[in-house]
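Participant: One structure coming up, written as structure tokens, with questions to follow.
All of the numbers you see were taken from the coordinates with simple rules; none came from a lab. All figures in this text were calculated on a predicted structure; none of them were measured in a lab. Note that we place each Cβ from the backbone using ideal geometry, even for glycine, and neighbour counts take in every protein chain shown.
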Amino acid sequence: MIAERYGYSEEEQNRIYMMGLLHDVGKIGVPDRIINKPSRLTDEEYERVKEHPAKGDRILKNITSRPELAAVARWHHERIDGTGYPDKKINEEIPEAARIVAVADAYDAMSSNRSYRNVMPQKAVRAEIEAGKGKQFDPVFADIMLELIDEDTLYRLREI
């Protein structure tokens, strides 16, 4: 939906959708006891989780006809302000598709039940995305996400 609103063609939207589906494939290399832990992660456990973008990159690089899959897997946790991981990329150094997936992934994470917390209220999700605009998230894509949230008065985006 972000890609559509930004003006991507239907083909480009489908490519971003596929990138979104596969962006966390590297989590298969993180132990289930960490992924499904119902309480706060230790620093060591969090470091293990932070390995998943590079693992996803290694896995998806095998799909040589779609190099963008590996790029999004690797860089979807980078932050516009350069404090993300694994490579501390900044602004446009982060591929546009990864910047789109990053804000969509954050929305999905906050609007879904997790082992450590329930769904966040939509107001709180909106506030987190607003707070991350220009720091964590590309401001253009964050604004589009905020528009989508504002239009979603029944909180149905999380069901799509």
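Participant: How high is the FRET efficiency between THR83 and TYR46 when r is their beta carbon distance and R₀ equals 22 Å, given to the nearest 0.05?
Facilitator: Computed FRET efficiency for THR83 and TYR46: 0.90.
Participant: Let me ask something else. Search the structure for amide H atoms under 5 Å from the amide H of PHE137, placed 1.01 Å from N in the peptide plane, and list their residues when 5 or more places away or on another chain.
Facilitator: ILE80
Participant: Would you calculate the separation in nanometres between label points at TYR155 and ALA109, each defined as 7 Å from the Cα along the Cα-to-beta-carbon direction?
Facilitator: Computed distance between label sites TYR155 and ALA109 equals 2.0 nm.
Participant: Taking 0.36 nm per intervening residue step and subtracting the Cα-Cα distance, what contour gain separates TYR116 from SER9 on full extension?
Facilitator: 34.8 nm
Participant: Spin-label point model (7 Å from Cα, Cβ direction): what's the MET18 to LYS135 distance in nm?
Facilitator: 3.6 nm
Participant: Something else about it: Determine the relative contact order of the stretch 2-159: mean sequence separation of Cα pairs under 8 Å and six or more apart, normalised by residue count, in whole percent.
Facilitator: 21 percent
Participant: Step through the residues of the stretch 47-53 one at a time and calculate ³J(HN,Hα) from phi using the Karplus curve (6.51 cos²θ - 1.76 cosθ + 1.60, θ = phi - 60°), rounding each to whole Hz and writing x for Gly and Pro.
Facilitator: Values, residue by residue: 4, 5, 4, 5, 7, 5, x Hz.
Participant: Still on this model: Name the residue farthest towards the positive end of the dipole of the stretch 13-53 from the options MET19, THR42, PRO31, assuming +1 on Cβ of Lys and Arg, -1 on Cβ of Asp and Glu, about the Cα centre.
Facilitator: The residue sitting most towards the positive pole is MET19.
Participant: Is the shape of the stretch 33-102 best called rounded, prolate or oblate, per the rule: a/c under 1.5 gives rounded, else a/b larger than b/c gives prolate, else oblate, with a ≥ b ≥ c the square roots of the Cα gyration tensor eigenvalues?
Facilitator: oblate
Participant: Same structure again: Can you classify the stretch 68-114 as rounded, prolate or oblate using the Cα gyration tensor, where a ≥ b ≥ c are the square roots of its eigenvalues, rounded means a/c under 1.5, and otherwise it's prolate if a/b beats b/c and oblate if not?
Facilitator: Judged from the Cα gyration tensor, the stretch 68-114 comes out prolate (a/c at least 1.5, a/b above b/c).
Participant: Moving on. With the cut-off at 1.5 for a/c, could you classify the stretch 106-160 from its C-alpha gyration tensor as rounded, prolate or oblate?
Facilitator: Because a/c hits 1.5 or more and a/b fails to exceed b/c, the stretch 106-160 counts as oblate.
Participant: For a quick check of your reading of the filter: which chymotrypsin sites (Phe, Trp or Tyr not before Pro) in the stretch 109-160 sit in a DSSP loop and have no more than 15 other Cβ atoms within 10 Å?
Facilitator: Here the chymotrypsin sites (Phe, Trp or Tyr not before Pro) that fit, given the DSSP loop and packing criteria, are TYR116, TYR155.
Participant: With only Lys, Arg, Asp and Glu charged, each at its Cβ (+1 for the first two, -1 for the last two), find how big the charge dipole of the chain is about the Cα centre; round to the nearest 20 debye.
Facilitator: 680 debye
Participant: Identify which of the listed values of Rg and Dmax of the Cα atoms in Å was calculated from the structure shown: [x] 16.3, 63; [y] 17.5, 64; [z] 15.4, 43.
Facilitator: [z]
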